[in-house]
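Trainee: Quick one: the structure is below, and I'll ask about it shortly.
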Amino acid sequence: MNYCLIIDDSRVIRKVSRDIVESLDFRVSEAENGEAGLKACEAEMPDVILLDWNMPVMDGYSFLKALRATPEGLKPKVVFCTTENSLDHITRALQAGADEYVMKPFDRDILAAKFQELGVLPASHSA
């Protein structure tokens with residue numbers, strides 16, 4: 001079973017995201033900021049990470065740069081899920097190593113499609 005880590009400072013967003021990702025047959029864990037996310041990755045590297053941009057302690061961009069600098073940090077697919085929609089933010093995220101970029105609010109169909117594009121969800125899985 002694939003493993004997804006959700007990193008977002010909003011408890012509501014984590015809950016909604018967890019419900020969606022679990023419905024896609026993923027094991028899920030959560031972190032409330034990038035620093036907690038890095039600790040979770042040290043314990044077990046996920047297959048995919050849903051990552052918010054704006055968070056206290058360590059933001060998503062800083063998390064992504066730190067993750068990609070670790071020995072196993074290139075393994076997980078990283079999907080930024082954020083309200084930041086400027087071309088500058090998207091470009092910076094992709095240059096830092098993000099695999100996809102999703103605007104909030106998102107739904108199950110959007111995440112399922114992105115996961116299929118990234119190869120972490122079989123195309124046969126109903127969206």
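The values are calculated or read from the model by the stated rules, or taken from the named source; none is laboratory data. Here the structure is a predicted model, which means the values were calculated and not measured. No Cβ is skipped: glycine too gets one built from the backbone with ideal geometry, and neighbour counts run over all protein chains shown. Ligands, DNA and RNA are excluded from the accessible area calculation, which covers all protein heavy atoms including side chains. Shrake-Rupley method; radii C 1.70, N 1.55, O 1.52, S 1.80 Å.
Trainee: Just to check your reading of the model, which residue among P46, P122 is modelled with pLDDT under 95 and not small (G, A, S)?
Mentor: On the way: P46 fails: modelled with pLDDT under 95.
Sole residue among the options that is modelled with pLDDT under 95 and not small (G, A, S): P122.
Trainee: Could you run through segment 17-36 and say how many residues are of a type in the set (K, R) and over 18 Å from R108 (Cβ atoms)?
Mentor: 0
Trainee: Can I ask one more? Provide a single number: the residues in segment 23-43 that are outside any helix (DSSP H, G or I) and among the aliphatic types (A, V, I, L, M).
Mentor: 3
Trainee: Surrounded by fewer than 17 Cβ atoms within 10 Å (Cβ to Cβ), assigned to a loop (DSSP other than H, G, I, E, B) and either on the phi < 0 side of the Ramachandran plot or under 14 Å from the mean Cα position of the chain (by Cα) (or both): which single residue out of P46, P56 fits that description? Before you say what the answer is, go through the steps one by one.
Mentor: On the way: P46 fails: surrounded by fewer than 17 Cβ atoms within 10 Å (Cβ to Cβ).
Only one candidate qualifies: P56.
Trainee: A follow-up question, please. So which of V57, V48 is in contact with a strand residue (DSSP E or B) (Cβ under 9 Å, 6 or more places away or on another chain) and of a type in the set (V, I, T)?
Mentor: Within the list V57, V48, the selection yields V48.
Trainee: Which residue pairs have Cβ atoms under 9 Å apart, sit 6 or more places apart or on different chains, and have a first residue in segment 105-116 that is over 16 Å from S10 (Cβ atoms) and a second that is open to solvent by 60 Å² or more (accessible area, probe 1.4 Å) and part of a helix (DSSP H, G or I)?
Mentor: Pairs that qualify, where the first residue is over 16 Å from S10 (Cβ atoms) and the partner is open to solvent by 60 Å² or more (accessible area, probe 1.4 Å) and part of a helix (DSSP H, G or I), are R108/D19.
Trainee: May I ask you to list the residues in segment 70-107 that are open to solvent by 40 Å² or more (accessible area, probe 1.4 Å), part of a loop (DSSP other than H, G, I, E, B) and not polar (S, T, N, Q)?
Mentor: P71, E72, L74, K75, E84, D99, K104, P105, D107
Trainee: Which residues, taken from segment 5-22, are part of a helix (DSSP H, G or I) and among the hydroxyl-bearing types (S, T, Y)?
Mentor: If we filter segment 5-22 for residues that are part of a helix (DSSP H, G or I), which is where we start, we get 11-22.
S17, the sole residue that qualifies.
Trainee: Right, next: If you take the residues in segment 12-43 that are farther than 28 Å from S86 by Cα and among the hydroxyl-bearing types (S, T, Y), which one is least open to solvent (accessible area, probe 1.4 Å)?
Mentor: S29
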